[in-house]
Amino acid sequence: MDTIAAIATPLGEGGISIIRVSGTSAIDVANKLSNIDLNQIPARKMTLGYVVNKGKKLDQVLWVVMPGPKSYTGEDVVEIHCHGGLKVSELVLEAVIEAGARLAEPGEFSKRAFLNGKIDLAQAEAIIDVIRARTDTSLRVAFRALEGELSETIEEIRDKLLKILATLEASIDYPDDVDEPDVDDLQNQMIKMHEDIDALIASFIKGKSLREGYLVAIVGRPNVGKSSLLNQLAKEERAIVTDIPGTTRDVVEVEINVSGVSVIFADTAGLRETDDPVESIGVGKSREYVKKSDLCLWVIDSSEPLTDEDYRIAELLKDKSVLILLNKQDKPSKVDATDLATLNLESKLLPISLTEGTGVNEFMLELEKQIGFSGYETMEEVLVTRVRHKKALEKARMSLEYAIENVASAPLDLLTVDLRQAYSALGEITGHVVTEDILDRIFEEFCLGK
């Protein structure tokens, strides 16, 4: 492969900047810019020197040479540790490119690590999840995937499938020498694998929340306490609170760690009919957030009777997961259980008073139950965090279901077709079966230099 280079550290001012070079000519390219012979310095140890371009010293640096295959990419890698200024980093990178390297594409170093067998595809995806982790728990889950925990689980199932396939094909090819496998034993093995795949698919709800965060939309009529709720959750004044209906015109988001999961609370504009063009835009955004949210917190002013707007909101939320907060419990209530029953929503009802701060702790405990976060901080199960993995597991499960259903009646050669499809689908997760367009989609998520 050709030699690539990129700045591996964030752009801007800092203590140090690292320019990474990888490829068959990495050492030769770097040697053109070094005042010392990089072939003679100890491998994987920092050596003080200079970057020299066209007879001019650009910077005093630390050179690190990592000959392949014992490097991140599996190729020869050279790292240039220079001072962490924006201009000096750019000048060193430009010199490296002039010396024969080309600018790396996003994620190309990790892509080469995959292509050279240093990591599998699930581990490559876990790299970006480690970088983007927003809580301790999501970082731990991502790091375990990077260590190969998910890959090992997938490979265990693939190994079992391969053993069954080998037994079936031996029986097909050598019917006089190899007995047909016991149908009950075969079915039991496949059922156990089906259960293992089921468990992985079921873990996706947790895994997706940990990786992407959980979106909670705070909705309701104007002036019912939505912004006050957001401010209490954030423990600071993030949203403007006034007695004037329609104060909130845009969505205000606050990210909070709830039992190890990043929960994004979105304070939305009050849902009502309005002639104000600016407020109308805010109401439209509110409806968009309702559609894409994982949970809606509907704040109702219990000191006022339900209005036509409340019933319109109930219609909007009918297909959503909803938690209703009956706010302003410090005032005489004008909403009773009979009124709430007419909303036709299956939802937990929680009384709170944001003015007095009562009921908020109970609400947070209920929130954990609603979205299943309790215990995440000590969770050790293998999680599926990506849609790509879930779809591959679903394909494998479907093929196994066909095999289980027909194991007693179908010819052995037809049975192997279903089992091979399951084997191949699982291979998509680790990259044993992969297309170039899938690789491109995965690695374009990465930053330059990774």
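The values are calculated or read from the model by the stated rules, or taken from the named source; none is laboratory data. Quick caveat, the model's predicted, so the values are computed rather than measured. Cβ sites come from the backbone with ideal geometry, for glycine too, and all protein chains shown count toward neighbours.
When Val434 is tested against (1) surrounded by fewer than 19 Cβ atoms within 10 Å (Cβ to Cβ); (2) out of contact with any Asp or Glu (no Cβ under 9 Å at 6 or more places or on another chain); (3) among the hydrophobic types (A, V, I, L, M, F, W, C), just one condition goes unmet, and that condition is (2).
Hey, among the residues in region 396-450 that are small (Gly, Ala, Ser) and modelled with pLDDT of 90 or more, which one's nearest to Asn116 (Cα to Cα)?
Of everything passing the filter in region 396-450, Gly431 is nearest to Asn116 (Cα to Cα).
Once region 134-144 is narrowed to residues that are of a type in the set (Lys, Arg) and in a helix (DSSP H, G or I), the residue that is surrounded by the fewest Cβ atoms within 10 Å (Cβ to Cβ) is Arg144. For region 113-122, the criterion of a residue being touching an Asp or Glu at 6+ places or on another chain (Cβ under 6 Å), crowded, with 23+ Cβ neighbours inside 10 Å and assigned to a helix (DSSP H, G or I) is satisfied by no position.
So Glu149 ticks every box in (1) assigned by TED's automatic domain parsing to the domain that holds Ile18; (2) in contact (Cβ under 8 Å) with a residue 60 or more places away in the chain but one. Which box is left unticked? Checking Glu149 against (1) assigned by TED's automatic domain parsing to the domain that holds Ile18; (2) in contact (Cβ under 8 Å) with a residue 60 or more places away in the chain, the one that fails is (1).
Scanning region 314-348 for residues that are more than 31 Å from the chain's Cα centre (by Cα), among the aliphatic types (A, V, I, L, M) and not in a loop (DSSP other than H, G, I, E, B) yields Ala314, Leu326, Ala337, Leu340, Ala341.
For region 163-174, the count of residues that are touching a helix residue (DSSP H, G or I) at 6+ places or on another chain (Cβ under 9 Å), surrounded by 15 or more Cβ atoms within 10 Å (Cβ to Cβ) and free of Cβ contacts under 8 Å to residues at least 24 places away in the same chain is at least one. Pairs linking a residue in region 201-229 that is surrounded by 24 or more Cβ atoms within 10 Å (Cβ to Cβ) to a residue that is of a type in the set (Phe, Trp, Tyr) and assigned to a helix (DSSP H, G or I), with Cβ atoms under 7 Å and 6 or more positions apart or on different chains, are Ala217/Tyr289. As a summary of the residue check, Tyr376 satisfies the conditions (1) crowded, with 17+ Cβ neighbours inside 10 Å; (2) modelled with pLDDT of 85 or more except for the one numbered (2). Out of all the residues in region 145-155, is one or more more than 30 Å from Asn257 (Cβ to Cβ) and in a helix (DSSP H, G or I)? Yes; the residues of region 145-155 include at least one that is more than 30 Å from Asn257 (Cβ to Cβ) and in a helix (DSSP H, G or I).
Screening Gly55 against (1) on the phi < 0 side of the Ramachandran plot; (2) surrounded by fewer than 16 Cβ atoms within 10 Å (Cβ to Cβ) leaves a single unmet condition, (1). Out of everything in region 197-232 that is assigned to a helix (DSSP H, G or I) and more than 22 Å from the chain's Cα centre (by Cα), what residue ends up being nearest to Lys163 (Cα to Cα)? Only one residue fits best here, namely Leu230.
In region 407-423, the residues that are in the same structural domain as Asp198 (by TED's automatic domain parsing) form Cβ pairs under 8 Å with partners that are part of a loop (DSSP other than H, G, I, E, B) and of a type in the set (A, V, I, L, M), at six or more places apart or across chains, as follows: Leu415/Val407. Do the conditions hold for Ile197, that is, is it closer than 30 Å to Asn257 by Cα, of a type in the set (A, V, I, L, M, F, W, C) and loosely packed, with under 15 Cβ neighbours inside 10 Å? It is false that Ile197 is closer than 30 Å to Asn257 by Cα, of a type in the set (A, V, I, L, M, F, W, C) and loosely packed, with under 15 Cβ neighbours inside 10 Å.
Could you say whether any residue in region 385-400 is part of a loop (DSSP other than H, G, I, E, B), crowded, with 16+ Cβ neighbours inside 10 Å and touching an Asp or Glu at 6+ places or on another chain (Cβ under 8 Å)?
Among the residues of region 385-400, at least one is part of a loop (DSSP other than H, G, I, E, B), crowded, with 16+ Cβ neighbours inside 10 Å and touching an Asp or Glu at 6+ places or on another chain (Cβ under 8 Å), which makes the answer yes.
Against the numbered list (1) more than 24 Å from Asp76 (Cα to Cα); (2) outside any helix (DSSP H, G or I); (3) acidic (Asp, Glu), Glu105 comes up short only at (1).
For Val92, the conditions (1) under 35 Å from the mean Cα position of the chain (by Cα); (2) in contact (Cβ under 8 Å) with a residue 40 or more places away in the chain; (3) surrounded by fewer than 18 Cβ atoms within 10 Å (Cβ to Cβ) all hold with the exception of (3).
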